[in-house]
Structures are given as C-alpha cells and as structure tokens.
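The values are calculated or read from the model by the stated rules, or taken from the named source; none is laboratory data. No experiment lies behind these values; they were computed from the predicted model shown. No Cβ is skipped: glycine too gets one built from the backbone with ideal geometry, and neighbour counts run over all protein chains shown.
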C-alpha cells in the first residue's frame, strides 16, 4: 500500500497555522476501503486454502499503525496551530520594524493566515512577519543616514543635521 509523502517545508514558523485535515479525511476513506477489501477477500477465499489468520492480523496491525500515525499528525497540527496563535498574540504591544525599514510602530493586532502572520501597527500599517523584520520590547526609532561632513568641511561650508540644525 502506497502512502502519500508528507510535506516537510517549514521555513515559516506560522506556515501551518490554518492547515486542513485532508490527510485524516483520506485515511478515513482508506480505512473503509481496507475493511471492504478484507471482507471481500474473506468472502471470496478458496475454502480448500483459507487465508492465514496471522496474515490477516498482520495486515490489520499495519493499517492500524498508519491510522494512528495520521491521528498523531492531526493532534500535532492542532498543537502547532495553538502555538502559532499564542506566539502571534504575544506580539501585541511590542514594537515592529519592517524588513525594508519603511514601516515601524507598536503592534495593536495580528492576523494569522495559513501562510504567515501580519502585524498591524497602531497607525494601521501592515507588516508581514518574515526574515529581516525586527520585533522589540522597546520603541524602535528611525535610523538616520550617516552624515558626510568631509565635503562641507573641505569647502569651508556647513552641513545640516537631521534635527534641522546646522553644523559648521
């Protein structure tokens, strides 16, 4: 009996937050099919050469192991969903800065989707949580670009700093 491969791609910790239970549904159909097949096999067996009882038990035990594995995966998926929701909820009240440094602010809410989490700031700006995003307990301030004072000083002129004041 062939078993479908299980996807192990987990680059995003919230990737399976809203995953479905299609595998469990497939297993239920396969279990019914297995029982029908077993009953048909028993009904149509050769009376002079009946099926070995140990072979029947071996087949049933193998299928029971597959069913238990699928149920374990279903429970694990539920636990991962709960953890993803808890982790997302823990972000509320923290500060976020997007990977491109364009959006920053205090997180007022989070939205959990099947493929990720979006943090919404107090200014209603959205930040997809991905590599490069900064989360902090303290307020994140905008980075000011480094000043090039050599050109102004060499020419004897003045430069303006980020606060609107002038340096000479």
Quiz item: Does residue 69 count as outside the structural domain of residue 118 (by TED's automatic domain parsing), modelled with pLDDT of 75 or more and assigned to a helix (DSSP H, G or I)?
Solution: yes
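To keep it simple, each residue is scored yes or no on (1) under 30 Å from residue 81 (Cβ atoms); (2) modelled with pLDDT of 90 or more; (3) outside any loop (DSSP other than H, G, I, E, B).
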site: 107; (1), (2), (3): yes, yes, yes
site: 118; (1), (2), (3): yes, yes, yes
site: 124; (1), (2), (3): yes, yes, no
site: 145; (1), (2), (3): no, no, no
site: 152; (1), (2), (3): no, no, yes
site: 157; (1), (2), (3): no, no, no
Quiz item: Hey, any hits in the stretch 87-97 for a residue that's in a helix (DSSP H, G or I), in contact (Cβ under 8 Å) with a residue 60 or more places away in the chain and either within 16 Å of residue 135 (Cβ to Cβ) or touching a helix residue (DSSP H, G or I) at 6+ places or on another chain (Cβ under 7 Å) (or both)?
Solution: yes
Exercise. Looking for whichever is over 39 Å from the mean Cα position of the chain (by Cα), at pLDDT below 80 and outside the structural domain of residue 114 (by TED's automatic domain parsing) here; the options are 56, 45. Which one fits?
Key: 56
